[in-house]
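Readers should treat all values here as calculations from the given coordinates under stated rules, not as data from a laboratory. Computed from a predicted structure; not experimentally measured. As a convention, Cβ positions derive from the backbone with ideal geometry for all residues, glycine included, and neighbour counts pool all protein chains shown.
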Amino acid sequence: MKALTILLCFLSLFNFSFFKTDNQKTNFVLYDGEIKNIFIHSLIAYPDILQTKAKNTIATYHTDCIDYVEFENLLDELYKNNYVIVDIHKTFTTENGMTKKCKVKVPRGKKPVVIGVDDVVYDPKKSGNGMVDRLCVDSNENIYTETLIDGKIDKKYDREFAPILENFLTLYPSFSPFGDRITINLTGFCGILGYRISDKNEMVRNAETEKAQVVVDRLKQLGYTFACHSYAHYHTKKVSAEFVKQDFADWQRYIEPVIGKTKVFVYPYGEWELVNSNQISEKQKVLIDFGFKLFLGVGIYDFYGYMPLSKNINSKILFADRKPIDGYTLFHRQNELNKLFDCKKVLSNFAKLRQKFIA
Ligand SMILES: [Zn+2]
């Protein structure tokens with residue numbers, strides 16, 4: 001036994017890899033710095049089609065969204081700047097009822113970035129404006145998009161976040177060292193991912209739910225996760241606690257059975273009301289009671305910590321801000337965003353058209 005110990009010590013002096021812990025062997029570290037958290041909306045998939053629409057439509061899309069070329073450029077830039085994609089669920093943990101931020105494992109020299117996509121409704125009322133109509137899965141289990149253009153279905157593998165990220169990872173698998181992907185922050189009022197799973201007509205609803213389930217299952221298998229962005233996409237300040245309760249009941253009825261439970265709540269419009277009359281608001285209590293553990297807002301600066309900041313209120317709500325990456329911020333928040341990537345290298349040729357529409 002003694003001889004074996006001596007032998008082991010001797011070998012370890014030469015740094016034999018089988019003596020290393022898992023972390024050392026694979027050169028991973030637990031990252032303790034600020035976790036960058038960004039989000040986009042569904043991409044402008046057909047900028048040329050959008051260009052033919054009314055001025056206010058063009059302005060809205062170019063303010064709130066980026067186009068598919070810019071998303072490719074964004075991934076390129078993040079990768080070049082040593083970011084790796086990390087799922088939001090890996091950034092927090094709940095122990096003994098207390099939710100806390102945690103360190104995330106990344107390859108040595110790399111930094112984590114969390115990416116979210118909000119809404120992903122593909123509302124039929126907005127169809128034909130330059131976004132795709134739905135996400136689909138082909139017979140080889142690849143994600144693609146379908147869009148009705150001039151009476152024909154256009155099938156593409158490079159116009160929306162999921163197929164673009166999958167293409168990118170085929171070339172640069174080390175961007176996702178642990179198989180993490182994007183978190184899709186869904187609403188429910190008009191279904192999900194282009195499927196009308198909350199339709200009033202039961203036959204429509206059931207047929208659409210069946211189709212949506214195939215896409216959700218494949219996305220989950222690939223590593224995508226889902227979070228709740230409310231059912232109705234309401235303005236928090238304008239609704240009551242009762243409304244929030246009903247909203248989540250609708251979410252539980254139509255959306256949760258398809259995507260599963262989530263602990264992450266993404267405030268619609270980034271509007272939140274944690275405190276009211278010096279105590280945790282009734283609306284916030286409803287969300288806490290429904291089991292949400294991490295709350296996500298919108299903000300150009302990094303914040304990931306406990307709220308409210310007031311010492312007089314004895315409540316610790318884990319809250320993180322997310323930087324919107326859209327036509328507006330790529331032009332007007334370059335100082336902040338340039339810390340992550342070079343905005344000029346992300347902007348596409350289509351963005352030149354955008355400038356005249358963004359105040
Ligand atoms: Zn939204």
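On a 32 Å Cα-Cα criterion, which of the cross-link pairs K36/K285; K283/K356; K283/K339 come out too long?
Checking Cα-Cα distances, K283/K356; K283/K339 exceed 32 Å.
Enumerate the helices in the chain for which the Kyte-Doolittle hydropathy averages 0.0 or more and the C-alpha atoms extend at least 15 Å along the helix's axis, using complete DSSP H runs.
2-13, 161-171
Output the relative contact order of the chain, whole-number percent, from Cα pairs under 8 angstrom with separation of 6+ residues.
19 percent
Test of understanding: ordering R196, R218 by Cβ neighbours within 10 Å, fewest first, what list do you get?
Sorted ascending by nearby Cβ count, the order is R218, R196.
In sequence order, what are the phi-derived ³J(HN,Hα) couplings for region 326-341 according to the Karplus relation 6.51 cos²θ - 1.76 cosθ + 1.60 with θ = phi - 60°, rounded to whole Hz, with x for glycine and proline?
8, x, 5, 5, 5, 9, 9, 10, 5, 4, 6, 5, 5, 6, 9, 7
Can you tally the net charge around R205? Count Lys and Arg as +1, Asp and Glu as -1, for every other residue whose Cβ sits under 14 Å from the Cβ of R205.
Net local charge, R205 excluded: -1.
Quick one: net charge around K245, please, counting Lys, Arg +1 and Asp, Glu -1 for every other residue with C-beta under 12 Å from its C-beta.
With Lys, Arg at +1 and Asp, Glu at -1, the net is -3.
Which ordering of E160, E336, E34 is given by a fewest-first count of other beta-carbon atoms within 10 Å?
E34, E336, E160
List M307, M131, M203 from most exposed to least, where exposure is judged by having the fewest other Cβ atoms within 10 Å.
M203, M307, M131
Which percent, to the nearest 5, of DSSP beta bridges fully inside the chain are antiparallel?
45 percent
Relative contact order (percent) for region 84-210, with alpha-carbon contacts under 8 angstrom and 6 or more residues of separation?
So the answer I get is 28 percent.
Kindly provide log₁₀ I(q)/I(0) values, in the same order as q = 0.12, 0.15 Å⁻¹, from the Debye equation applied to equal alpha-carbon scatterers of the chain.
With one equal scatterer per Cα and no solvent, log10 I(q)/I(0) is -0.93, -1.41.
Calculated from DSSP H runs of 4 or more alone, at -39500 (n - 2.57) each and per residue, what is the 222 nm mean residue ellipticity of the chain, nearest 500?
Taken over the chain, the calculation gives -9000 deg cm²/dmol.
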